[in-house]
Amino acid sequence: MRKTEVIVVGAGIAGSMSALALVRQGHRVTLIDRWEPGHARASSTDYNRIIRSIHGRDEFYTQWARDSRLRWLELQEETRQKLYYECGSIILATVGHCDWEDATAETFTKMGVPFNRFAPHELPARFPQFEATNIAYGLYEPESGMIMAHRAVITTVQLFQSLGGRVERGSVTTDADERLLLAGKPLEADLIVVATGPWMGEMYPRTVKPISTVIGVNVLYTSTPEGSDQFDQSRMPCWIDHGEGSFGLPSVEGSGVKAAVVIPDKIDLDNDERLIKKAMLGRTRQYIKKRLPGLVGEKVVDSKFNQIIITPDTHFILDWHPAYDNVLLAGGCSGHLFKHGPVFGEFAAGVGTQQFGTPDRFKLGPRRKLSPKESPSGR
C-alpha cells in the first residue's frame, strides 16, 4: 500500500501503540491529544496494570495476551526502559462461583499456557499474603505480572517520535453529524484513527454511546509493613478476586500495595475532580482485613481514580465509522485493553491500512452482556 497521511486522535495506550505500528510501516503519522501524553486524566494513567492471559474460554484474547507479553519484552529491550515485572498473577476462585476460572484452566491446558492450581490449604504456604477464606482454589499464571503503565505510554510516544512521528496538542471534537473537527475545522487525512477512550462515547453519541458505559474505579495504595518485603513484587503476585469484586498488585518501586474494590462510579469526564470517594477507604480496608491481614493497620499512601469505557460484552471496538470510510474507531477498552496494547496497536494499524479485516467481536452494532462462561473478562 502507498504511504498514507495518518492522524491518530488520543495518545493513551490504544492510540500511541496504533501510531507506533503505523509509523513503523512507513506512513506519515501525527498523534494528537488534548493534553500531554501520560496526563493524569487518561485511562492509561496510574503507575501499573496487570498483564495476564486469563480470559476464560476466550482463546482469542488468551493468545493476544501471550503475544503481547513478548511484545512488551521486546519493547523493553528496544527502549532500555523497565516496563514489565514478571511477578505472576493469581485468580482467587470463589466457592460456588468458579465458571470463569474453570474455563480458564481448560483453555490454558488446551493452549499450553503454563499455570498451577493451588488448593485452599496450599495457598497460605505458597502465597502467605492471602487469607484463603471462601476460596475454592487459586489459579496461578507465572508468565504474567504487571506493566508500568504511565512509563509505558511515555516510552511508546517517545519511540514513536524517534521514528519520525509527530505529536501535537489539540482538541478534536465532532459536529452534529459526527464529523471530526480540530479547532472548529474539518479534520482531514487519508486515515484517521480515533482512540479517545472514555471520551469516544461523547464524541460519537449515535455510534458508540449506545454500546458503551463509562465507569470510575477507586484505587488505593497501602504501605507495606516496616522491615518486610513480603508484599513486594519479588515475593507476591498480582491478583484478581471476583468473589470480593476486587483486584490488586504488589508493591513495586516503592509504590505500596495497590488494591481496588470495584464498585462502578459515575464520572463527568470533563468536569469532575479525579479524587477517590471517602467511603471507598472503609470498603478497601474491610477487604484488606479479610484477604490481606498482614496489611491491617498500614496507612494509605496514595490513591488514583481511574475511568474506563466498557461495552456490554467487554469486547473492544475496532471498526469503521458507518458514515466516514477513512475513520477507524479503536478502543472500548473495557478495562483490559492495556495489557493487549502492542498487539492491539499492530492489529488496528493492519485494519486501518486495509491489510486485513476486523473480527465480528470488534464491530459496531448490538452488543449483549455475556455469562461468566462466555465472558473474556469474567464480568
- Note on the structure: Toy charge model, Lys and Arg Cβ at +1, Asp and Glu Cβ at -1: the range 263-318 dipole around Cα centroid in debye, rounded to 20, equals 540 debye
- So which GluC sites (Glu not before Pro) in the range 1-91 pass both tests, a DSSP loop state and at most 16 other Cβ atoms within 10 Å of the Cβ? 86
- Item | residue 44 long-range amide H proximity, modeled H, under 5 Å | 13
- Message: For the range 281-303 and the range 1-34, what is the centre-to-centre distance using only Cα atoms, to the nearest Å?
- Response: 41 Å
- Calculate one ³J(HN,Hα) per residue across the range 340-354 by plugging θ = phi - 60° into the Karplus curve 6.51 cos²θ - 1.76 cosθ + 1.60, and present them in order as whole Hz with x for glycine and proline. 7, x, x, 6, 4, x, 5, 5, 4, 5, x, 5, x, 9, 6
- Which angle between 0 and 90 degrees, to the nearest 10, do you get for helix 13-24 versus the longest principal axis of the chain when only C-alpha atoms count? 50 degrees
- Item | Under 5 Å, built H, 5+ apart or other chain: amide partners of residue 292 | 131
- Mean-square fluctuation maximum in Gaussian network of the chain, Cα pairs under 10 Å, restricted to 334, 162, 212, hits 162
- Candidates 307, 76, 354: whichever shows maximal mean-square fluctuation once the chain is modelled as a Gaussian network with Cα springs under 10 Å: 354
- Could you list 325, 272, 241 in order of exposure, starting from the residue whose Cβ has the fewest other Cβ atoms within 10 Å? 325, 272, 241
- Query: Exactly which trypsin sites (Lys or Arg not before Pro) in the range 134-183 are in a DSSP loop and have at most 15 other Cβ atoms within 10 Å?
  - Reply: 179
- Sorted by chain and then number, the residues having a modelled amide H within less than 5 Å of the amide H of residue 51, at least 5 places away or on another chain, are 145, 146, 147
- Message: For a Förster distance of 45 Å, can you work out the FRET efficiency between the beta-carbons of residue 41 and residue 117, rounded to the nearest 0.05?
- Response: 0.65
- For the chain, just list the percent of Cα-Cα distances falling in each 10 Å bin from zero outward, please. 5, 24, 34, 24, 10, 2, 0
- Relative contact order in percent for the range 223-302 (Cα pairs under 8 Å, 6+ apart) equals 28 percent
- Roughly what angle does helix 99-111 make with the longest principal axis of the chain, taking Cα atoms, 0 to 90 degrees, to the nearest 10? 70 degrees
- Message: What are the ³J(HN,Hα) couplings of the range 53-64, residue after residue, when phi is run through the Karplus curve with 6.51, -1.76, 1.60 and θ = phi - 60°? Round to Hz, x for glycine and proline.
- Response: 8, 6, 9, x, 7, 7, 6, 4, 5, 4, 5, 4
- Query: Any idea what % of Cα-Cα pairs in the range 144-281 are farther than 26 Å?
  - Reply: 48 percent
- Note down the relative contact order for the chain as a percent, whole number, built from C-alpha pairs under 8 angstrom at least six residues apart. 24 percent
- Message: Just to check I understand the Karplus step: with θ = phi - 60° and J = 6.51 cos²θ - 1.76 cosθ + 1.60, what whole-Hz values come out for the range 286-298, glycine and proline as x?
- Response: 4, 5, 4, 4, 7, 9, 10, x, x, 9, 4, x, 6
- Quick calc: nm separation of the 7 Å Cα→Cβ label points for residue 278 and residue 82 -> 3.7 nm
- Mind pulling the per residue volume of the convex hull built on the Cα atoms of the range 25-121? Å³ is fine. 177 Å³
- Note on the structure: Note on the chain, DSSP bridge orientation, antiparallel percent to nearest 5 equals 70 percent
- Query: Shape of the range 21-71 from its Cα gyration tensor (a ≥ b ≥ c, root eigenvalues): rounded if a/c is under 1.5, otherwise prolate when a/b > b/c, or oblate?
  - Reply: oblate
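Quick note: the coordinates plus some simple rules give every number you see, no bench work behind them. Predicted, not measured: the structure shown is a model, and the values here were computed from it. Ideal geometry is used to build each Cβ from the backbone, glycine not excepted, and the neighbour counts take in all protein chains shown.
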